[in-house]
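> The structure's right below; bear with me while I get my questions together.
Taken together, the values in this text are just the output of simple stated rules run on the coordinates, not laboratory data. Quantities reported herein were computed from a predicted structural model and do not represent experimental measurements. Neighbour counts run over all protein chains shown; Cβ positions are idealised from the backbone, glycine included.
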Protein chains: 2
Amino acid sequence: MKRTSRRSDCPINFALQAFGDAWSLLVIRDLMFTDRRTYTDFLGAEEGIATNVLADRLKRLQALGLIRRRGTGRGATYALTEKGLDLLPAMLELVSWSARHDRHTAAPPDFVARIRRDREAVATELRTHLRRRHGLDSRSRGQEP
Amino acid sequence: MKRTSRRSDCPINFALQAFGDAWSLLVIRDLMFTDRRTYTDFLGAEEGIATNVLADRLKRLQALGLIRRRGTGRGATYALTEKGLDLLPAMLELVSWSARHDRHTAAPPDFVARIRRDREAVATELRTHLRRRHGLDSRSRGQEP
DNA sequence: AGCATGACTTGCTTTCTGCAAGTGACGCGA
DNA sequence: TCGCGTCACTTGCAGAAAGCAAGTCATGCT
């Protein structure tokens, strides 16, 4: 992709220029739906991202404000920002779509069913949960690096 | 991306392997939200996809069953399949996300507002409209090539 | 102090993208 | 019906990005 210059002001294009590649959304997914938080955690994900590509994506996603690094050096972890967390509804729709069209999907059927029946509630609930876990709620806001 | 083999059964990964690149979703967008239907239409889109890449993406999206070609040779057009149309809710969420986070977005404010206020209604309405325009509704189903 | 681990970087090969030019089949007007 | 232009792609590079393996360098446990 011509990552350096904006191709258009179309909102779909904006999203693609932010995370329209094969790996960025997997990092977001890890932060949203799993406990992976460190560099080696991400490397260990099933899909097998290359280490240089991971380093690059983490930098990009940080630069775009979708994630941020917490702590330094050895035990550094990554967390979602509000902007990253705002992708939750889109992610849920992607999960729903894939579950519908992938015969071999690993999406938990009851989770998918809940998304379809009660999308709003699932989103709200997960959002609250994630805000807490990523240090975005009122209690801990601004306390950590 | 390692396009040849499935990286995992994760639903987000499934979506990425289907259209996780810089261009595929722009074709879907064109079919969903504009009148572009032919090869040169897509080439003419503002973002400026390269002709060989467009040819490749059209083939891929067809192979995956997200779009289909209608007619042959000279006046061929492309249309969404049900599977492609099913991406509508995800696309609307992406529009909403980009509109929220892109200062210079071209997303029409009233469209965005409607998505946020009345997502279900917008999706249903657009879906009906698109089913008709892409030959997926009961009236014309199975009549065209 | 020493060693293992974690978080990246560097270097190299392979694959993909961007761009320009080319090809062949339609279809239309003379 | 014979050119001729247009459309829907292919082909051929050069440069960029991805994949893979190895290296670096600071941290922190013992």
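> Among B:4-13, A:94-103, how do they line up by average Cβ neighbours within 10 Å per residue, starting with the highest?
Values: B:4-13: 17.1, A:94-103: 19.1.
Descending mean neighbour count gives A:94-103, B:4-13.
> Can you give the alpha-carbon Rg of the stretch B:1-60 over 2.2 N^0.38 Å, where N counts its residues?
1.22
> Shifting gears a bit: So, counting K/R as plus one and D/E as minus one, what does the shell of residues with Cβ under 15 Å around residue A:35 add up to? Intermediate values should be presented prior to the final figure.
On the way: positive: A:29, A:36, A:37, A:70, A:132, A:133; negative: A:30, A:41, A:46.
Residues near residue A:35 contribute +3 overall.
> Still on this structure, please answer the following. I want the local charge near residue A:113. Using Cβ-Cβ distances under 12 Å, sum +1 for each Lys or Arg and -1 for each Asp or Glu among the other residues.
Counting the neighbours of residue A:113, the net charge comes to +3.
> So for the protein assembly as shown, if I pair up every lysine 8 or more residues apart or on another chain, how many of those pairs have alpha-carbons under 23 Å apart?
Pairs that pass both the separation and distance tests number 9.
> Same structure again: Can you find, among B:52, B:85, A:109, the residue farthest towards the positive end of the dipole of the protein assembly as shown? Put +1 on the C-beta of Lys and Arg, -1 on that of Asp and Glu.
Of the candidates, B:52 comes out farthest on the positive side.
> Please list, by residue number, every one of the GluC sites (Glu not before Pro) in the stretch B:41-145 that is coil in DSSP and has at most 16 other beta-carbon atoms within 10 Å.
Here the GluC sites (Glu not before Pro) that fit, given the DSSP loop and packing criteria, are B:46.
> For the stretch A:77-133, what is the Kirkwood hydrodynamic radius in Å, using each pair of distinct C-alpha atoms?
12.1
> With N denoting the number of residues in chain A, provide Rg(C-alpha) divided by 2.2 N^0.38 Å, to two decimal places.
1.08
> How many percent of all Cα-Cα pairs in the protein assembly as shown sit more than 28 Å apart?
Details: 15932 of 41905 pairs.
Every Cα pair in the protein assembly as shown considered, those over 28 Å come to 38 percent.
> Also, I was wondering about something else. Using the Karplus curve 6.51 cos²θ - 1.76 cosθ + 1.60 with θ = phi - 60°, what ³J(HN,Hα) values do you get for each residue of the stretch A:64-74, in whole Hz, with x for Gly and Pro?
Those phi angles translate into 7, x, 8, 9, 9, 8, 10, x, 9, x, 3 Hz.
> Same structure again: What's the average, rounded to a whole number, of partner chain beta-carbon atoms within 10 Å of each residue's beta-carbon in B:86-96?
6
> Per DSSP helix of 4 or more residues, -39500 (n - 2.57); summed, then divided by the residues of chain B. What does that give at 222 nm, rounded to the nearest 500?
Computed mean residue ellipticity for chain B: -17000 deg cm²/dmol.
> A further question on this structure: Just want to confirm a number: the relative contact order over chain B, from Cα pairs under 8 angstrom separated by 6+ residues, in percent.
Value for chain B: 17 percent.
> Enter the Cα centre distance for the pair the stretch B:1-50 and the stretch B:59-85, rounded to the nearest angstrom.
One Cα centre to the other: 12 Å.
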